[in-house]
Amino acid sequence: EIPQTADEFIAAAKTAAAAGKYIMSYQPDEAGNMISGLAGASGGWYKVKGDSWVVNTETDGSKATADFYQQLLDAKAATTNPRWDPSFDASINKGQLIGTVAAAWEAPLFISSAGGTGKGEWKVAQLPDWFGNGTKTGSDGGSGVAVLKGSKHPAEAMKFLDWFNTQVPDLVSQGLVVAATTEAAKTPAAWSEFFSNQDIMAEFKKANDNMASFSYIPGFSAVGAAMNETAAKAATGDAKVSDIFDTAQKTSVEALKNAKLPVKE
């Protein structure tokens, strides 16, 4: 059963941790996406007012997300292995990590990380209202294709991109929730077998349709990198999770100014 509130989740996480199991991962190397995605579902950080950017990364949603993770870290009720470190895979292989929040594109990568552990036991579920988000989900990554202005064959390039973006089975194989409406995205058999014979693409589509509006600024990669640095300190107790959003605020303003874009402070 999925805990429906933050308090229910934290209580369940403590119970699981007492038995050497973890129902949530705190990923310091994915703070820029994971934490901004969850907080962003409760309210956007960036908007344009007039001709200037307005930045507020310390929203009520950010504060609720920070409090949630801080309680888990203080209680040692979440893993702190970086997502792209072998230790994360090991936590699944050993049967320690039994729950996490992940992007849809992680499905095939997660199966690979698990190495067969837990096949037929994992399931995909919608994000409950843990952060005052009305069950809205947040964006974590994304893909886009474009034709450069200097292209000698823009019409042909656009024709290729149209073809590329409608290769639904191939795009699905990369874990993508396909935007094309030319055909329905089907769950690959191997994925279904791992996730308890579930049609997980249908779950991903449901989440995609329930996506909160959240815009990113030019130069967000610098913001994400800075958030990761602070997130790593929070994992060791040398900073608080709330400091991640303070870092995001400062770095966002710096990134926009460095790009010579106007910012209202």
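Straightening the chain between Ala225 and Glu8 buys 75.0 nm, computed as 0.36 nm per residue apart minus the Cα-Cα spacing. Quick one: net charge of Met227's neighbours, Cβ under 14 Å, K/R +1, D/E -1? So the environment of Met227 carries a net charge of -4. Here the chain is described by how far its Cα atoms reach on the three principal axes: 61, 48, 33 Å, from widest to narrowest.
Accessible area per residue, 1.4 Å probe, Å², for segment 125-265: what's the number?
60 Å²
Ordering Glu254, Glu229 by accessible surface, largest first, gives Glu229, Glu254; the 1.4 Å probe counts only protein heavy atoms, with every chain in place.
Between the listed residues Phe195, Ala157, Asn228, the Cα displaced farthest toward the positive end of the dipole of the chain, a dipole computed from Cβ unit charges relative to the Cα centre, is found at Ala157. Dipole of the chain computed with +1 at Lys/Arg Cβ and -1 at Asp/Glu Cβ about the Cα centre; of Ile35, Ile92, Asn81, farthest Cα towards the positive end is Ile35. For an R0 of 41 angstrom, estimate the FRET efficiency from the Cβ-Cβ distance between Ala184 and Glu265 and round to the nearest 0.05. It comes out at approximately 0.30. Carbon-plus-sulfur accessible fraction, the chain (probe radius 1.4 Å, protein heavy atoms only): 52%.
Using Cβ point charges alone (K and R +1, D and E -1), the dipole size of the chain about the Cα centre works out to roughly 440 debye.
Annotation: Cα Rg of segment 86-176 relative to the compact-globule expectation 2.2 N^0.38 Å equals 1.51.
Placing unit charges on the Cβ atoms only, positive for Lys and Arg and negative for Asp and Glu, gives segment 101-159 a dipole magnitude near 300 debye about its Cα centre.
The values are calculated or read from the model by the stated rules, or taken from the named source; none is laboratory data. Bear in mind that the values here come from a model prediction, so they are computed numbers and not experimental data. Please note: Cβ atoms are built from the backbone with ideal geometry, for glycine as well, and neighbour counts cover all protein chains shown. The area values use the complete protein model at the heavy-atom level, side chains included, leaving out ligands, DNA and RNA. Shrake-Rupley method; radii C 1.70, N 1.55, O 1.52, S 1.80 Å.
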